[in-house]
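The values are calculated or read from the model by the stated rules, or taken from the named source; none is laboratory data. Being a predicted model, the structure only gives us computed values, none of them experimental. Don't worry about glycine lacking a Cβ; one is built from the backbone with ideal geometry, like all the others, and counts go over all protein chains shown. Keep in mind that these areas ignore ligands, DNA and RNA; they rest on the heavy atoms of the full protein, side chains included. Shrake-Rupley method; radii C 1.70, N 1.55, O 1.52, S 1.80 Å.
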Amino acid sequence: MARPPLELETWGRIRRTVVDGKQTAVARYRDVDGVTRAMQRQGRTPAEAERNLIKALKQRLTPVQSELGRDTTIAQLCAQWLTEIDASDLADGTKNQYRSNASIIARELKGVRISEATVPRMDRYIAGVRDKRGPGAARSARLVLKLMLAIPVRHGVIDANPIREVPAPARARSTVTALRARDIATIRELLHTWDAGTTKYNRPRNGSLRDIADMYIATGARTSEVLAIEWPDVTLDTTPQTVEVTKTVAKNTAGKLVLQPVPKSESSNRLLLLPPAVAGMLVRRRVESYTSLVFPSGVGTPIWPDNLRRQWKLALEGTDYAALTPKAFRKAVATHLREQLGIEAASAQLGHSDTIVTQRHYAEKVHRGPDAAAVLDSLFTQNGE
């Protein structure tokens, strides 16, 4: 009966002998390719030869890239994962989001070892994040933990990723209520009034809020997309005018706001036809332009989205629209296009990969039956027999 093979990446009994007059230790080991080979090392004494052999076998059979063990803490794992993330070709905005989430996880689970990151513990942790910070934060934490714990799985430290067995928290239910034309007209006037005012230092304001709002209405684009539009992206000599949405503004890993030459997703790359209502605004801004950006800051750099939202909030403060964010215009565009052209057109305009996101989060729900009047009328014209 044949002897069973050694387990992969292990060695068998070490035998001490003498080779060419030198103390030698010899062992057979099963290499990473499954082939069993012999190795020997020498020393001044039999014990030293054996120690040298064991050291060589460990170097041979222990994966060089893995410094992880079952006692490695989640905080240490976070640091290694972030090193991989920084070296990846992910967008800077994505790297920043991962880093932010990982720093929270490293703080909250810093002393937990990989071997202690069991399904029940991770389930309780994600549930706690959901209760404290909401389902969105819990879903983000689950994603980051799943990506991190894939590393010890790859390195053979643990057999399976425990996060795979932790259910994703349900998304918060949201009711979409879209702005209508009358609301939009009122908000545009409020923004115009704000633009015409002065800062607390008695300086004229940039005067961009209403123009940016008009671009929201004309495109349904995201704030990060609108603020990244440059003049080469816009055609002013065609009917209708067009704009190419191919970039976003994003904070890079150095903390600076830059133009990111990739959109949020592949489907976000799109050419949009502009309504005539924004033609005059774009021509005016082109004549007055002093930078390649269509909507620059006062010093010609990209506008920080947080600064825009802060100004927007101040402009609408004390009105019926105080709680609205720029995203409300994106929802208004989605709802209007869905009603006039269908959900597929709305999804394409907003740059979604499918209609599910558009229908669930952007277009106001339809509570109206089908156009069945003529069909139902036939029930009255029959004899009922």
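Can you give me the C-alpha center-to-center distance between region 1-36 and region 280-301, rounded to a whole angstrom? Using only Cα atoms to place each centre, the spacing works out to 74 Å.
For region 130-270, the relative contact order is 12 percent, taking Cα pairs closer than 8 Å that sit 6 or more residues apart in sequence and dividing their mean separation by the residue count.
Taking other residues whose beta carbon is less than 12 angstrom from the beta carbon of A168, and scoring Lys, Arg as +1 and Asp, Glu as -1, yields +4. Secondary-structure-derived ellipticity at 222 nm for the chain, considering helices only, amounts to -13500 deg cm²/dmol, per-run term -39500 (n - 2.57) for DSSP H runs with n ≥ 4.
How long is the gain from V283 to L61 if the chain were fully straight, where each residue apart is worth 0.36 nm and the alpha carbon distance is subtracted?
Working: separation 222, 0.36 × 222 = 79.92 nm, distance 6.81 nm.
Gain in length upon complete extension: 73.1 nm.
Placing unit charges on the Cβ atoms only, positive for Lys and Arg and negative for Asp and Glu, gives the chain a dipole magnitude near 2000 debye about its Cα centre. Label region 81-143 by shape, choosing from rounded, prolate and oblate, from the square roots a ≥ b ≥ c of the eigenvalues of the Cα gyration tensor; if a/c is under 1.5 it is rounded, and otherwise prolate applies when a/b is larger than b/c, oblate when it is not. Oblate shape, in that a/c is at least 1.5 and b/c is the bigger or equal ratio.
Over the chain, what percent of the accessible surface lies on carbon and sulfur atoms, probe 1.4 Å?
Carbon-and-sulfur percentage of accessible area, whole number: 51.
Working from label points 7 Å from Cα in the Cα-to-Cβ sense, the V153 to T301 distance is 4.1 nm.
Among rounded, prolate and oblate, which fits the chain when a ≥ b ≥ c are the square roots of the eigenvalues of its C-alpha gyration tensor, a/c under 1.5 means rounded, and a/b larger than b/c means prolate? Since a/c reaches 1.5 and a/b is larger than b/c, the shape of the chain is classed as prolate. Would you list, by chain and number, the lysines whose Cα falls below 27 Å from the Cα of K58, excluding same-chain residues fewer than 8 positions away? Result set, ordered by chain and number: K22. Fully extending the segment from T17 to A127 would add 33.6 nm, taking 0.36 nm per residue of separation and subtracting the current Cα-Cα distance.
When we measure straight from the Cα of K146, which lysines land under 27 angstrom away, once same-chain ones fewer than 8 places off are left out? Filter leaves K95, K110, K132, K251, K264. Looking at the chain, the accessible area is 60 square angstrom per residue; that uses a 1.4 Å probe and ignores ligands, DNA and RNA.
Relative contact order, whole percent, for the chain stands at 12, derived from Cα pairs under 8 Å and 6 or more residues apart.
Charged neighbours of K95, selected by a Cβ distance under 13 Å, balance to -2 (K, R count +1; D, E count -1).
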